[in-house]
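> Take a look at the following structure, please.
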Amino acid sequence: MPFDEVIDAIADYAVSPFDPGEEALATARYTLIDSIGCALLAQNYPACTKLLGPHVTGTEVPHGSRVPGTGFVLDPVKAAFDLGASIRWLDFNDTWLAAEWGHPSDNYGAILAVADHLSRSGQKALTVRDALVAAIKAYEIQGVLALENSFNRVGIDHVLLVKVASTAVVTAMLGGSREQVANAVSNAWIETTLRTYRHAPNTGSRKSWAAGDACARAFQLAFMATRGEMGYASALTAPSWGFQDVWFGGRNLKLAQPFGSYVMENILFKISFPAEFHAQTAVEAAIHLHPAVKNRLDEIEKITITTQESAIRIIDKKGPLNNPADRDHCIQYMTAVPLIKGSLTADDYEDEAAADPLIDALRAKMVLQEDARYTREYLEADKRSIANAVQVTFTDGTSTDNSVVEYPVGHRRRRTEAIPLLMSKFEANLRTRFAGEQADAAIRAVQQPQGLDAMPVEAFMTLFV
C-alpha cells in the first residue's frame, strides 16, 4: 500500500542527496550559533536546569550525547530532550511565521544529539556541515508544512511539526531507508499534541519543554523504524481515523511548494528580545518611545497598540499573569516593560520583576487594534512583515509620535543589520556560562565558516562542555 502523498514527499526529501546554496548554508551557521547561545542562556534559570540530566542521577552512557552548557553525557533520547528544551526555554530562538508558526531551531535538539552519538560511537564521522544540511532539511519540512496549513486553529500545537521534521531527518541520519523514514514519519503524525498549555487559563512551562519532548520522541521513532518497526501508510488520509478527518475536518494537508532551502533562507531571528515573535516589533517601538515617556509615566492616559490579527488572537491578554510563560506571551506586558525601562530581558518575566505595580497599571491603559494592512502583509509571501505600532496619549491631550516598526531586526530584510547583533548576542549568552580561554576558543571557532563546517561534530560539542 503506497504512503500518503505528503509522507512520501517528506521521505523522498529526507533521504535524497542535497547540496544547499551558500545563502542557506551561511544562514544555517547562524541558526546553529544562535541556538547554542539560547540554550546556554536558558541554563541560568533553575526552572530549566531542574529538568536536565540523566533520569537516574550519576548515570553516564557510553557513546552517549553531550548537552552543551553541562557536563552530562546522556542517552541520545534524553540529550535531545535536554538540548531541545534549553534552546526553546526563553523563547529567544529563531521563528517561522506563516499560516502556522513555530521555531525550526527546535530541531537542533534532535539533530545535534544524534550527530554527537553517531560520531562518538564511531558509526559515522559527521562534521558540523552534515548537521547544518540536516538542519536545512528539518527547517524546510517544518516551514513548508506551515505555509498553508494552520494547525493551531484546530487546537494542535506546532511542536507536531518539530516531531515530524526531526523524525524524518534523524531517521535518515541513522541510515534509514526511504521506507523506514516514511514509517517513522507516519508514526510522528499520529502523535498529535494539544496546545492547551499555551493559552489562558492553562499557560505554563510545558510550552518551554514541549519542543524538547518532540525532539526526544523523534529520536525514539527514528530508532524504532531503523529496527524494522512498521508504519501506517494512510496515517493522514484514512477515513474517519486518519489525521485529516480527525483534526482537519476532512480537509487535505497541503504542500505549498517543493522542498528546497526556502525556509532557512527566510528564517526570522530573535536578536534583541526574548519575546513571542508577534510582539517583537511592538517591543522595538516601545523602546523608541521610552525617552519620551520615562519621566511622564504617571501622566499616561492611553497606550494604543496597532497590530496584526495573529497578535490579537494569540498574545492579547488581560488580567493576572501567573508565571514567566504567561508573561512572555502577553503583548501588553512585553510593551509595558520597555516603555518603563527602555529594554526587555528574560529576567523581566520573573516574579520579582513582575511585582512592579507600574507594569499592570500600564497594561490596564492599553488598547489593541488591528490594521488590515498589517494582517495582509504578514501573510504575503514576498513581505512576511510582523508590524506593530505604539502610541502613548497623555492626560493633557498630547501624544507621542506613532512609533511604527514593520519588520523586526531578525527579518531577512534587515539581515545585514542583524548579523553583528546576533554574534554579540551569542557571545553575551556564552559568557554567562563560560569564561576565559574556553569562551574565547568557542568564539574563534564560530567566526571561521570553513573551519566550522569541517569541524567534527564531537569536537564542536566539546567546545561547550
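> State yes or no: is V367 part of a strand (DSSP E or B), surrounded by fewer than 14 Cβ atoms within 10 Å (Cβ to Cβ) and among the β-branched types (V, I, T)?
yes
> Suppose we filter the stretch 171-201 for residues that are part of a loop (DSSP other than H, G, I, E, B), free of Cβ contacts under 8 Å to residues at least 60 places away in the same chain and farther than 19 Å from F243 by Cβ; how many remain?
The number of residues fulfilling the criteria is 3.
> Cβ-Cβ distance below 6 Å, separation of 6 or more or different chains: which pairs start in the stretch 228-245 with a residue that is free of Cβ contacts under 8 Å to residues at least 40 places away in the same chain and end on one that is hydrophobic (A, V, I, L, M, F, W, C) and surrounded by fewer than 14 Cβ atoms within 10 Å (Cβ to Cβ)?
No pair meets every condition.
> Only residues that are in a helix (DSSP H, G or I), farther than 18 Å from E23 by Cβ, β-branched (V, I, T) and modelled with pLDDT of 95 or more: list them for the stretch 120-164, please.
Scanning the stretch 120-164 gives I141, V159, V162, V164.
> Out of the stretch 202-230, which residues are of a type in the set (A, V, I, L, M) and either part of a loop (DSSP other than H, G, I, E, B) or more than 16 Å from A138 (Cα to Cα) (or both)?
Listed by number, the residues that qualify are A210, M224, A225, M230.
> Would you say D348 is among the acidic types (D, E) and not in a loop (DSSP other than H, G, I, E, B)?
Criteria met by D348.
> Every residue in the stretch 232-262 that is of a type in the set (V, I, T) and more than 17 Å from V164 (Cα to Cα), please.
V246
> Could you list all residues from the stretch 371-405 that are surrounded by fewer than 18 Cβ atoms within 10 Å (Cβ to Cβ) and within 26 Å of A28 (Cβ to Cβ)?
L379, E380, A381, D382, K383
> Against the definition (closer than 19 Å to H158 by Cβ, touching a Pro at 6+ places or on another chain (Cβ under 6 Å), in contact (Cβ under 8 Å) with a residue 60 or more places away in the chain and buried (at least 17 other Cβ atoms within 10 Å of the Cβ)), how does Q308 come out, yes or no?
Judged against the criteria, Q308 is not a match.
> Hey, any hits in the stretch 366-386 for a residue that's aliphatic (A, V, I, L, M), in contact with a Lys or Arg (Cβ under 8 Å, 6 or more places away or on another chain) and free of Cβ contacts under 8 Å to residues at least 40 places away in the same chain?
no
> Now for a separate question. Please go through (1) closer than 21 Å to E100 by Cβ; (2) within 20 Å of the chain's Cα centre (by Cα); (3) crowded, with 20+ Cβ neighbours inside 10 Å for S272 and return the number of the only condition it doesn't satisfy.
(1)
> Hey, another quick one. Taking interchain pairs and intrachain pairs at least six residues apart, which have beta carbon atoms under 9 angstrom, with the first residue in the stretch 443-465 and part of a helix (DSSP H, G or I) and the second acidic (D, E)?
Here the result reads I443/E427; V457/D116; V457/D130; E458/D116; F460/D116; M461/D116, each pair linking the stretch 443-465 to a residue that is acidic (D, E).
> Select from the stretch 275-305 the residues that are part of a strand (DSSP E or B) and surrounded by fewer than 22 Cβ atoms within 10 Å (Cβ to Cβ) and list them in ascending order.
I300, E301, K302, T304
> Let me ask another. Which count do you get for residues in the stretch 297-321 that are over 22 Å from the mean Cα position of the chain (by Cα) and over 17 Å from A364 (Cβ atoms)?
Adding up the residues that qualify gives 1.
> Residues of the stretch 370-410 being part of a helix (DSSP H, G or I) and either modelled with pLDDT of 95 or more or not charged (D, E, K, R) (or both), which ones?
Matches in the stretch 370-410: A372, R373, Y374, T375, Y378, L379.
> List the number of the failed condition for V154; all other conditions in (1) buried (at least 24 other Cβ atoms within 10 Å of the Cβ); (2) more than 16 Å from the chain's Cα centre (by Cα) hold.
Evaluating V154 over (1) buried (at least 24 other Cβ atoms within 10 Å of the Cβ); (2) more than 16 Å from the chain's Cα centre (by Cα) leaves (1) as the failure.
> Do we find a residue being closer than 22 Å to P291 by Cβ and buried (at least 19 other Cβ atoms within 10 Å of the Cβ) anywhere in the stretch 429-443?
Within the stretch 429-443 (the criterion being closer than 22 Å to P291 by Cβ and buried (at least 19 other Cβ atoms within 10 Å of the Cβ)), the answer is no, since none of the residues qualifies.
The values are calculated or read from the model by the stated rules, or taken from the named source; none is laboratory data. What you see is a predicted model; the values in this text were computed from it and never measured. Methodologically, a virtual Cβ is constructed for each residue, glycine included, from the backbone with ideal geometry; neighbour enumeration extends over all protein chains shown.
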